[in-house]
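Novice: Quick one: structure below, then a few questions.
Here, each number is a calculation from the coordinates, and none is a lab measurement. Just so we're clear, the structure is a prediction, and the values are computed from it rather than from any experiment. Don't worry about glycine lacking a Cβ; one is built from the backbone with ideal geometry, like all the others, and counts go over all protein chains shown.
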Amino acid sequence: MTNIKIVIADDHSILREGLCSLFDKQDDIDVVAESSNGEETLEILRRHHPDVILLDISMPGMSGLEVLKLGQAVSPKTRFVILSRYDNDVYIHKALEAGAFGYVVKGASSKELIKAIQDAYHHKYYLSSQIQEEVIHSYVKDHKPEQIIPKNRYERLSIREKQVFSLLVEGYSAAKIADILCISLKTVHKHRASISHKIGIDSPVKMLQYAIKKGLIDPNIWN
């Protein structure tokens, strides 16, 4: 049987060490790399293309949710499992909407964490034990992108434009966005112009205000 290749992305070294020790005892799980921030995580995804990544929501620099969104383009076959101290519906829903296959609250049992990884590897959704699998599938089914009727100007943006928009309102420069998304600076400027045209906003400050107003940024997550 092929082992599950995983990456652990968390800014706390003690937690990473503990998880590595746990997975060393598992015959079917191999830790291929660790990371402590968002940009490093994206680079590791490009290099290793793991089967599953354990990803913390709160990391220095780029947030875990943004890594989740961008990482799927970098490593399409990787399944993302969020490991977080946040246990309310807002965070869980945002993670699922962004494409996560699992959400495990820090403090959950090792058995739960291992099952989350195994389920994600087999393309099954997993949340902490208090939520049953049928609830997860029901939620995901009801929130598929093609079933959502656009309600605001933001929905006019393409997937790539949404990625650029998210990085813009996070304060990244055009050059840094080009580097993160592996596109040219000219392409970034082209996307920015298209974004401004579609949502009717040109100022970076007003873009940030718009993102907050529309609930596209949760300050508790994106700090």
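Novice: With a sphere of radius 13 Å drawn around the Cβ of A175, what net charge do the other residues whose Cβ falls strictly inside it have (Lys, Arg +1; Asp, Glu -1)?
Specialist: Net charge around A175: +2.
Novice: Note down the relative contact order for the stretch 4-142 as a percent, whole number, built from C-alpha pairs under 8 angstrom at least six residues apart.
Specialist: After rounding, I find 19 percent.
Novice: Pairs K162/K186; K115/K162; K77/K190: which are spaced more than 25 Å apart, C-alpha to C-alpha?
Specialist: The pairs that break the limit, which is 25 Å between Cα atoms, are K115/K162; K77/K190.
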